[in-house]
Amino acid sequence: AHVSCLAEQAKILCAEAEENNLDAKVRFERFRRWDTCSLCEQDYHGVVECALGWACWKTYVGRPEANWARQCAMTVLGSGLHAAKRYEDALTVQEAELSTERRLGVSEYNLNLLVVQNNLSNTYAKMERHEEALKLRQEVYSGRLKLLGEEHSQTISAAHNYALSLKERSRHAETKALMRKTIPVARRVLGASHELTLRMRGVYAESLCKDPGVTLDDLREAVTTLEETERAARRVMGGAHPLTTANEKALQHARARLHAREALEAEKLAQDAFRTARAKVA
């Protein structure tokens with residue numbers, strides 16, 4: 001499909017919702033056509049997401065600052081720039097969006113504000129401003145847990161992002177504890193093959209590998225987990241999807257660590273056996 005056709009489709013659907021005074025839930029579902037495929041329900045990514053972000057912003061930029069569609073369009077634009085790896089531009093948009101939300105006087109635990117903070121934290125992470133990302137992600141997770149509960153998809157997403165930042169700061173015990181708590185919820189609510197569930201399992205596996213106290217059993221669990229997530233990602237999203245390629249790299253690293261650890265353990269066993277035999281001879 002042409003990007004211009006996808007944009008026109010989203011524009012028409014949203015206009016119909018407004019003209020017919022449909023409720024907020026329907027308007028939001030229609031607005032998701034700016035960043036989500038209407039057939040497979042997968043999020044657009046890369047340059048396609050960026051192009052649709054610009055198209056969305058141009059469609060609604062002329063509206064008043066407090067208009068819901070204009071606010072959502074700024075979110076879509078920032079996310080699109082982020083997806084295209086234009087992080088400096090994304091940061092400018094997202095910081096302006098956060099400033100707008102605060103100027104409009106939203107409360108601390110407001111869902112729209114949490115979305116803005118979440119997106120900004122993702123850009124901070126990509127720009128290696130990890131402490132700022134960690135602080136925001138902890139706030140977003142706590143806020144969504146309070147407002148939405150642990151089984152809401154937005155809370156699950158916030159838990160994933162928070163775990164990413166914990167892992168980045170080498171806080172592996174906290175990462176594993178959070179993922180062990182949340183992955184079963186994601187499987188139950190979203191499904192075992194959902195992209196977010198697969199991403200969370202990948203974070204858990206990588207944290208297992210990188211923990212300084214990793215055991216041989218931990219490495220085997222990590223490899224098994226990454227093998228399962230890589231197969232599922234390839235089946236559901238295809239071999240070119242960023243999640244699939246990221247899982248492939250993580251799996252290669254985990255296998256290398258496992259093989260090295262198994263070789264070390266085998267060498268230790270051989271040395272122990274040699275010392276035991278020597279002691280018996282003596």
Residues (part of a helix (DSSP H, G or I) and either touching a Cys at 6+ places or on another chain (Cβ under 9 Å) or open to solvent by 50 Å² or more (accessible area, probe 1.4 Å) (or both)) located in the range 149-171:
S153, Q154, L164, E168
Hey, any hits in the range 195-211 for a residue that's more than 30 Å from R102 (Cβ to Cβ) and outside any helix (DSSP H, G or I)?
yes
Give the number of residues within the range 228-277 that are of a type in the set (D, E, K, R), open to solvent by 50 Å² or more (accessible area, probe 1.4 Å) and under 20 Å from M200 (Cβ atoms).
6
Quick check on this structure: which one of R187, R180 is surrounded by 15 or more Cβ atoms within 10 Å (Cβ to Cβ), at pLDDT 95 or above, within 29 Å of G143 (Cβ to Cβ) and basic (K, R)?
R187
Please enumerate the residues belonging to the range 19-41 that are in contact with a helix residue (DSSP H, G or I) (Cβ under 7 Å, 6 or more places away or on another chain) and of a type outside the set (F, W, Y).
V26, R27, R30, R33, D35
Being open to solvent by 30 Å² or more (accessible area, probe 1.4 Å) and either at pLDDT below 90 or of a type in the set (V, I, T) (or both) narrows R86, R103, R129 down to just R103
For the range 17-37, indicate whether the set of residues that are within 20 Å of Q71 (Cα to Cα), in contact (Cβ under 8 Å) with a residue 12 or more places away in the chain and not in a helix (DSSP H, G or I) is non-empty.
yes
Please specify each residue of the range 237-247 satisfying the condition of being farther than 12 Å from R199 by Cβ and either in contact with a Gly (Cβ under 9 Å, 6 or more places away or on another chain) or among the hydrophobic types (A, V, I, L, M, F, W, C) (or both).
A240, T245
From the options A250, A246, A263, residue that is over 30 Å from A84 (Cβ atoms) and of a type outside the set (S, T, Y)
A263
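The values are calculated or read from the model by the stated rules, or taken from the named source; none is laboratory data. Everything numeric in this text was worked out from a predicted model, so none of it was measured. Cβ atoms come from the backbone with ideal geometry, glycine included; neighbour counts cover every protein chain shown. Surface areas here come from the heavy atoms of the whole protein model, side chains and all, with no ligands, DNA or RNA. Shrake-Rupley method; radii C 1.70, N 1.55, O 1.52, S 1.80 Å.
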